[in-house]
Amino acid sequence: MSHRLRTTLTLIAAGAAAGSLALFVAPSADAATTLGASAAATGRYFGTAVAANKLSDSTYVGILDREFNAVTPENEMKIDATEPQQNQFTFTNADRIVNHAIAQGMKVRGHTLAWHSQQPGWMQSMEGAALRSAMLNHVTRVATNYRGKVFTWDVVNEAFADSGGGRRDSNLQRTGNDWIEAAFRAARTADPGAKLCYNDYNIDNWTWAKTQAVYTMVRDFKTRGVPIDCVGLQSHFNSGSPYPGNYRTTLENFAALGVDVQITELDIEGSGQTQAATYANVVKDCLAVARCNGITVWGIRDSDSWRASGTPLLFDGSGNKKAAYTATLDALNSGGSTDPTGTPTVSPTVSPTVSPTASPTTPQPGAGCSASVTVNQWTGGFTATVRVTAGAAAVTGWAVTLTLPSGAAVTNAWNAQNSGTTGAVRFANVSYNGRIAAGSSTEFGFQGTGTGPSATPACAAS
């Protein structure tokens, strides 16, 4: 992801129309005992992110094969993984996941074709027409390679700024404002049978400027005939970015544009019945919207999560079902809408009534906060999750400094703004997570190349 991160219809008739390789069969008598089978009973999928290097873990694979009917490669289809050198494509690790999924009768979501993050070094240094050409070549080659095997592509990932309702500044954006449209058109040509999604985080709350900006883009694309079929909401929820009460409204209003909506990278930090209730609410919201046709959790066990310290998934580190699992399955078994029509409960508007609050403040050194870091490391890269905790008094802003090992570099950050990418890197709060109540916590994360940090971060707050 990044961080993100990170995205259709599974009714048999719709799957056939989309040219999908594998179709769901009618659920068996024990369908209600697993997540995937229960979702399939309402024409939906329930999937998970999969890491190729964990396919040798018998506990991991056992849960994967039993519970899920769709997979998303966690990192193996991203740009740096599939085209490490320009025009030299490698699909070995992605193929491991795709082949496993097909053998198990699961669908595959492709993630992701065009993104400002996790670009290989050769692409990071490109600009202008050369970059535009290279991006379109990448989209075409990767989508063509998996034609007929991937039922939905996250064509473009995280192209909007976290606040203000504008586009994120990136080397891709600087090639011209039409780069997203160009990527979708290339993907349609390369894989005409796949559903094409725009995927982003912090577009869960209907009133936020970022949500409205994505809505406006999708509406424009549908009006002009740009090939977009779905919108993916990453839905990474925690105390700093909580599940919003208008989540269902967001799903309904996107669906009313004539696109599918998918929950693509779901994880909910917490524990016990509070976490379980939030999972149930998310599932019920999806089931209430006919065009919300799938949910993907971003990992299997808590220990597999990019936010492992927040225990955000449905299975604990040993693979045991949590209360959140039971609540999720119960919610799936409650059934849902399969009527493809439906109207939003709130009329769409391009002028948000509420935006993320407060500009970041400048923390003062020595103020009361602490920070800890958890690293998920793989060969050549890592993700780090940093938990920021207020002391005896509330804070209104914070900054965390981490020292990266030699050779490591930050490539992307979420829920924080970083200054610098190597050595001692400073991360400051963004508009919506600077305020932390006394004793409470928030989290941010970042992704990088090389080896992740191991030293205790330094925290300053105001």
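Go over the candidates Gly423, Gly450 one by one and state the one that is touching a Gly at 6+ places or on another chain (Cβ under 7 Å) and farther than 21 Å from Gln234 by Cβ. Spell out the reasoning first.
Values: Gly423 fails: touching a Gly at 6+ places or on another chain (Cβ under 7 Å).
Exactly one of Gly423, Gly450 is touching a Gly at 6+ places or on another chain (Cβ under 7 Å) and farther than 21 Å from Gln234 by Cβ, namely Gly450.
Could you look through segment 271-280, keep only residues that are in contact with a Lys or Arg (Cβ under 9 Å, 6 or more places away or on another chain) and of a type outside the set (Ser, Thr, Tyr), and pick out the one that is most open to solvent (accessible area, probe 1.4 Å)?
This residue is Gly272.
Does segment 252-262 hold any residues that are in contact with a helix residue (DSSP H, G or I) (Cβ under 6 Å, 6 or more places away or on another chain) and either surrounded by 24 or more Cβ atoms within 10 Å (Cβ to Cβ) or at pLDDT below 95 (or both), and which are they?
Scanning segment 252-262 gives a single hit, Val261.
Give segment 293-322 a look and list any residue that's assigned to a loop (DSSP other than H, G, I, E, B) and over 16 Å from the mean Cα position of the chain (by Cα), or say none.
Applying the first criterion (assigned to a loop (DSSP other than H, G, I, E, B)) to segment 293-322 yields 298-300, 305-307, 311-314, 316-320, 322.
Of everything in segment 293-322, those that are assigned to a loop (DSSP other than H, G, I, E, B) and over 16 Å from the mean Cα position of the chain (by Cα) turn out to be Thr311, Leu314, Asp316, Gly317, Ser318, Gly319, Asn320, Lys322.
Give me the pairs: first residue in segment 160-188 and closer than 18 Å to Asn412 by Cβ and among the acidic types (Asp, Glu), second residue open to solvent by less than 40 Å² (accessible area, probe 1.4 Å) and assigned to a loop (DSSP other than H, G, I, E, B), beta-carbon distance under 7 Å, and six or more apart or on different chains, which are they?
Final answer for the pair search is Asp162/Asn202; Asp162/Val430.
Restricting the search to segment 221-253, which residues are hydrophobic (A, V, I, L, M, F, W, C) and within 18 Å of Ala276 (Cα to Cα)?
Narrowing segment 221-253 to residues hydrophobic (A, V, I, L, M, F, W, C): 221, 226, 228, 230-231, 233, 237, 251.
Of everything in segment 221-253, just one residue is hydrophobic (A, V, I, L, M, F, W, C) and within 18 Å of Ala276 (Cα to Cα), namely Phe237.
Tally up the residues in segment 299-326 that are open to solvent by less than 10 Å² (accessible area, probe 1.4 Å) and farther than 23 Å from Ala371 by Cα, please.
6
For segment 55-82, give me the residue count where each residue is part of a helix (DSSP H, G or I), open to solvent by 10 Å² or more (accessible area, probe 1.4 Å) and acidic (Asp, Glu). Steps first, answer last, please.
Of segment 55-82, the ones part of a helix (DSSP H, G or I) are 58-67, 79-82.
Right, trim to open to solvent by 10 Å² or more (accessible area, probe 1.4 Å) and you get 58-59, 61-62, 65-66, 80-81.
Now narrow it down to the ones that are acidic (Asp, Glu): 65, 80.
Selection size over segment 55-82: 2.
Is it true that Thr338 is under 29 Å from Trp298 (Cα atoms), in a strand (DSSP E or B), at pLDDT below 95 and hydroxyl-bearing (Ser, Thr, Tyr)?
Working: under 29 Å from Trp298 (Cα atoms): yes; in a strand (DSSP E or B): no; at pLDDT below 95: yes; hydroxyl-bearing (Ser, Thr, Tyr): yes.
Answer is no for this residue.
What's the number of the condition Pro405 fails, among (1) in a loop (DSSP other than H, G, I, E, B); (2) at pLDDT below 80?
(2)
Among the residues of segment 149-165, are any surrounded by fewer than 18 Cβ atoms within 10 Å (Cβ to Cβ) and out of contact with any Lys or Arg (no Cβ under 9 Å at 6 or more places or on another chain)?
Taking every residue of segment 149-165 in turn, none turns out to be surrounded by fewer than 18 Cβ atoms within 10 Å (Cβ to Cβ) and out of contact with any Lys or Arg (no Cβ under 9 Å at 6 or more places or on another chain).
Given (1) part of a strand (DSSP E or B); (2) modelled with pLDDT of 80 or more; (3) open to solvent by 10 Å² or more (accessible area, probe 1.4 Å), identify the lone condition not met by Thr422.
With respect to (1) part of a strand (DSSP E or B); (2) modelled with pLDDT of 80 or more; (3) open to solvent by 10 Å² or more (accessible area, probe 1.4 Å), Thr422 is out only on (1).
Looking at Ala290 and the list (1) open to solvent by less than 10 Å² (accessible area, probe 1.4 Å); (2) out of contact with any helix residue (DSSP H, G or I) (no Cβ under 6 Å at 6 or more places or on another chain); (3) among the hydrophobic types (A, V, I, L, M, F, W, C); (4) not in a strand (DSSP E or B), which single condition is not satisfied?
In the conditions (1) open to solvent by less than 10 Å² (accessible area, probe 1.4 Å); (2) out of contact with any helix residue (DSSP H, G or I) (no Cβ under 6 Å at 6 or more places or on another chain); (3) among the hydrophobic types (A, V, I, L, M, F, W, C); (4) not in a strand (DSSP E or B), Ala290 misses (1) alone.
Residues checked against (1) at pLDDT 95 or above; (2) surrounded by 21 or more Cβ atoms within 10 Å (Cβ to Cβ):
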site	(1), (2)
Ala186	yes, yes
Asp191	yes, yes
Asp200	yes, yes
Asp204	yes, yes
Thr211	yes, yes
Thr216	yes, no
Ile228	yes, yes
Phe237	yes, yes
Ser241	no, yes
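Would it be correct to say that Ala213 is on the phi < 0 side of the Ramachandran plot, touching a strand residue (DSSP E or B) at 6+ places or on another chain (Cβ under 8 Å) and among the small types (Gly, Ala, Ser)? Talk me through it step by step, then tell me what you get.
Working: on the phi < 0 side of the Ramachandran plot: yes; touching a strand residue (DSSP E or B) at 6+ places or on another chain (Cβ under 8 Å): yes; among the small types (Gly, Ala, Ser): yes.
Yes; evaluated as a whole, the condition is true for this residue.
Determine whether segment 102-109 contains at least one residue that is outside any loop (DSSP other than H, G, I, E, B), closer than 29 Å to Thr34 by Cβ and open to solvent by 30 Å² or more (accessible area, probe 1.4 Å).
Of the residues in segment 102-109, the ones outside any loop (DSSP other than H, G, I, E, B) are 102-103, 107-109.
Within this subset, residues satisfying the condition of being closer than 29 Å to Thr34 by Cβ are 102-103, 107-109.
With open to solvent by 30 Å² or more (accessible area, probe 1.4 Å) added as a condition, the list becomes 102-103.
Looking through segment 102-109, at least one residue is outside any loop (DSSP other than H, G, I, E, B), closer than 29 Å to Thr34 by Cβ and open to solvent by 30 Å² or more (accessible area, probe 1.4 Å).
I need the full set of residues from segment 382-423 which are of a type in the set (Ser, Thr, Tyr) and closer than 18 Å to Ser372 by Cα, in order please.
Initial filter on segment 382-423 (of a type in the set (Ser, Thr, Tyr)): 383, 385, 389, 396, 401, 403, 406, 411, 419, 421-422.
Across segment 382-423, the qualifying residues are Thr383, Thr385, Thr389, Thr401, Thr403.
Looking at (1) open to solvent by less than 10 Å² (accessible area, probe 1.4 Å); (2) assigned to a helix (DSSP H, G or I), which one does Asp95 not meet, given that it meets all the others?
(1)
Here are some residues: His138, His100. Which one is modelled with pLDDT of 95 or more and either closer than 29 Å to Thr211 by Cα or of a type in the set (Phe, Trp, Tyr) (or both)? If you could, list the steps in order and put the result at the bottom.
On the way: His100 fails: either closer than 29 Å to Thr211 by Cα or of a type in the set (Phe, Trp, Tyr) (or both).
Within the list His138, His100, the selection yields His138.
On the given criteria, is Trp122 buried (at least 20 other Cβ atoms within 10 Å of the Cβ) and out of contact with any Pro (no Cβ under 8 Å at 6 or more places or on another chain)? So that I can check it myself, show each step before the final result.
Details: buried (at least 20 other Cβ atoms within 10 Å of the Cβ): no; out of contact with any Pro (no Cβ under 8 Å at 6 or more places or on another chain): yes.
For Trp122, the condition - buried (at least 20 other Cβ atoms within 10 Å of the Cβ) and out of contact with any Pro (no Cβ under 8 Å at 6 or more places or on another chain) - is not met.
The values are calculated or read from the model by the stated rules, or taken from the named source; none is laboratory data. This is a predicted model, so every value here is computed, not measured. When we count neighbours, we look across all protein chains shown, and the Cβ atoms used for this are built from the backbone with ideal geometry, even at glycine. Calculation scope for accessible area: heavy atoms of the full protein, side chains included, ligands and nucleic acids excluded. Shrake-Rupley method; radii C 1.70, N 1.55, O 1.52, S 1.80 Å.
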